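> Quick one: the structure is below, and I'll ask about it shortly.
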Amino acid sequence: MRKIVHVDMDAFYASVEQRDDPALRGKPVVVAWKGARSVVCAASYEARKFGIRSAMPALRAERLCPDAIFVAPDFVRYREVSRQVRAIFHRHTDLVEPLSLDEAYLDVTVEKTGLPTATATAKRIREEIRAETALTASAGVAPNKFLAKIASDWKKPDGLFVIQPHEVESFLAPIAVAKLPGVGPSTDGVLEALGIRTVGQLRAADPRELERRFGRFGIRLHELAHGIDEYPVEPSRAVQSVSSEDTFPVDLPLEELGPALERAAERVWEATRRHGRNGRTVTLKLKTADFKIVTRRLTPPHPPGSAAELAELARALAARIELPASTRYRLAGVGLSGFPEDEDDRAQPGLFDDSA
């Protein structure tokens, strides 16, 4: 049986800002660029009391808390702190799977420092993070990744929660099915129509009916209801795609998107250089003024050899857009995927379907 720890930094970006600027401590801090098209990157716990959440439009955050202090994000600084935290993880195990700058799974079944239990390891890691970064983290300990992630959110902020193997089914039974990974509003609506609101009710459902309704995901739902998750911690997941996008201050016609595509292509190219990889498949993503997503994809005979060539391919994809000339666009993005070692280029997530 695996011993999995999920560590999640508390309000990470906002906490870094409050740590580095004492004047922000205890204040409602929102990490976001101000503007009509900006979204919230992070909110301090003081700001969350007003209902402000990540990915919320910045204008709505301002309305919810007029006294909120907006701070422009500094991802260079956040990445440096994230590297410090990951170095702490690697003292305890080589099996670390980062999910983002502020959270990761750790498999501590074999613990490098000799601590006797996963709970002791999680406690030590949180102590080391506090001592070395002056930040707090919450952690969940469980027999698998699915349960560990739920547990880490159970006593936030600055909490530790443990789900022992014999507690799994009783712990899960009263939890809302909407909290299960992959259950969005649409799936939740179907489950509600079936009279299923809790994991306990989902556990009692006929697995054949779940499979009929949801296909393979129905099988996954049945497994999750019983606390089953066999996915291992994957410490070296290769980057499968790189993309960059911009939301414009005002909506633009198609013929004025060239400079934005060039900027996005430059950022994507720099990122692929950092990863030491080059992909063959170029994707264009556009969002219209009425929020319709349009993507176009191209796999040329040879990978682009420069940022300029990548931008030229993105412009060629834009020429394939057949929407009316009066259409205005609020967002444009460029992506690169299909790296040589990828087994199945068609399976890449994100932007990579040729659809409208």
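The values are calculated or read from the model by the stated rules, or taken from the named source; none is laboratory data. Here the structure is a predicted model, which means the values were calculated and not measured. Quick reminder, even Gly has a Cβ in these numbers, built from the backbone with ideal geometry, and neighbours come from all protein chains shown.
> Of the conditions (1) within 30 Å of Pro98 (Cα to Cα); (2) crowded, with 18+ Cβ neighbours inside 10 Å, Glu234 clears all except one; give me its number.
Exception for Glu234: condition (2).
> Can you tell me how many residues within region 86-112 are crowded, with 19+ Cβ neighbours inside 10 Å, among the β-branched types (Val, Ile, Thr) and closer than 19 Å to Tyr231 by Cα?
3
> Would you pick out the residues in region 294-307 that are in contact (Cβ under 8 Å) with a residue 40 or more places away in the chain and either hydroxyl-bearing (Ser, Thr, Tyr) or surrounded by fewer than 17 Cβ atoms within 10 Å (Cβ to Cβ) (or both)?
Thr295, Thr299
> Test Val110 against the stated conditions and say whether it is part of a loop (DSSP other than H, G, I, E, B) and either β-branched (Val, Ile, Thr) or within 22 Å of the chain's Cα centre (by Cα) (or both).
yes
> Report yes if Glu192 is without any contact (Cβ under 8 Å) to a residue 60 or more places away in the chain, closer than 16 Å to Leu224 by Cα and acidic (Asp, Glu), otherwise no.
Taking the combined requirement at face value, the residue does not satisfy it.
> Let me ask something else about it. Restricting the search to region 66-77, which residues are at pLDDT 95 or above and in contact with a strand residue (DSSP E or B) (Cβ under 8 Å, 6 or more places away or on another chain)?
Ala68, Ile69, Phe70, Val71
> Follow-up question, since we're still on this one. What are the residue pairs meeting all of these: first residue in region 148-163, first residue assigned by TED's automatic domain parsing to the domain that holds Val108 and touching a residue at least 24 places away in the same chain (Cβ under 8 Å), second residue in a helix (DSSP H, G or I) and among the hydrophobic types (A, V, I, L, M, F, W, C), Cβ atoms under 7 Å, and 6 or more apart or on different chains?
Close Cβ pairs satisfying both conditions: Leu160/Ala122; Val162/Ala151.
Residue by residue, here is whether (1) of a type outside the set (Ser, Thr, Tyr); (2) modelled with pLDDT under 95; (3) in a strand (DSSP E or B) holds:
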{"site": "Val5", "(1), (2), (3)": "yes, no, yes"}
{"site": "Ser15", "(1), (2), (3)": "no, no, no"}
{"site": "Ala23", "(1), (2), (3)": "yes, no, no"}
{"site": "Gly35", "(1), (2), (3)": "yes, yes, no"}
{"site": "Ile52", "(1), (2), (3)": "yes, no, no"}
{"site": "Arg79", "(1), (2), (3)": "yes, yes, no"}
{"site": "Ala87", "(1), (2), (3)": "yes, no, no"}
{"site": "Arg91", "(1), (2), (3)": "yes, no, no"}
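> If Arg83 satisfies all but one of (1) of a type in the set (D, E, K, R); (2) in the same structural domain as Leu135 (by TED's automatic domain parsing); (3) surrounded by 14 or more Cβ atoms within 10 Å (Cβ to Cβ), what's the number of the condition it fails?
Status for Arg83: all satisfied but (3).
> Then there's this: Looking at (1) surrounded by 18 or more Cβ atoms within 10 Å (Cβ to Cβ); (2) within 23 Å of the chain's Cα centre (by Cα), which one does Thr121 not meet, given that it meets all the others?
Going through (1) surrounded by 18 or more Cβ atoms within 10 Å (Cβ to Cβ); (2) within 23 Å of the chain's Cα centre (by Cα) one by one, Thr121 breaks only (2).
> Looking at Asp153, Asp188, Asp158, which one is of a type in the set (D, E, K, R) and closer than 17 Å to Ile219 by Cα?
One residue alone meets the criteria, Asp188.
> Collect the residues in region 113-168 that are in a loop (DSSP other than H, G, I, E, B), in contact with a strand residue (DSSP E or B) (Cβ under 9 Å, 6 or more places away or on another chain) and within 22 Å of Ser82 (Cα to Cα), keeping them in residue-number order.
Scanning region 113-168 gives Leu135, Thr136, Asp153, Lys155, Lys156, Pro157, Asp158, Gly159.
> Please determine, by comparing only the residues of region 37-50 that are out of contact with any Cys (no Cβ under 8 Å at 6 or more places or on another chain) and modelled with pLDDT of 95 or more, which one is nearest to Val250 (Cα to Cα).
The extreme case among them is Ala43.
> Output yes when any residue across region 274-283 is in contact with an Asp or Glu (Cβ under 7 Å, 6 or more places away or on another chain), in a helix (DSSP H, G or I) and either aliphatic (A, V, I, L, M) or surrounded by 14 or more Cβ atoms within 10 Å (Cβ to Cβ) (or both), and no when none is.
No, because not a single residue in region 274-283 is in contact with an Asp or Glu (Cβ under 7 Å, 6 or more places away or on another chain), in a helix (DSSP H, G or I) and either aliphatic (A, V, I, L, M) or surrounded by 14 or more Cβ atoms within 10 Å (Cβ to Cβ) (or both).
Residue-wise test of (1) modelled with pLDDT under 95; (2) of a type in the set (A, V, I, L, M); (3) touching a strand residue (DSSP E or B) at 6+ places or on another chain (Cβ under 9 Å).
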{"site": "Gly189", "(1), (2), (3)": "yes, no, no"}
{"site": "Thr198", "(1), (2), (3)": "no, no, yes"}
{"site": "Gln201", "(1), (2), (3)": "no, no, no"}
{"site": "Glu209", "(1), (2), (3)": "yes, no, no"}
{"site": "Pro235", "(1), (2), (3)": "yes, no, yes"}
{"site": "Pro259", "(1), (2), (3)": "yes, no, no"}
{"site": "Thr272", "(1), (2), (3)": "yes, no, yes"}
{"site": "Ala289", "(1), (2), (3)": "yes, yes, yes"}
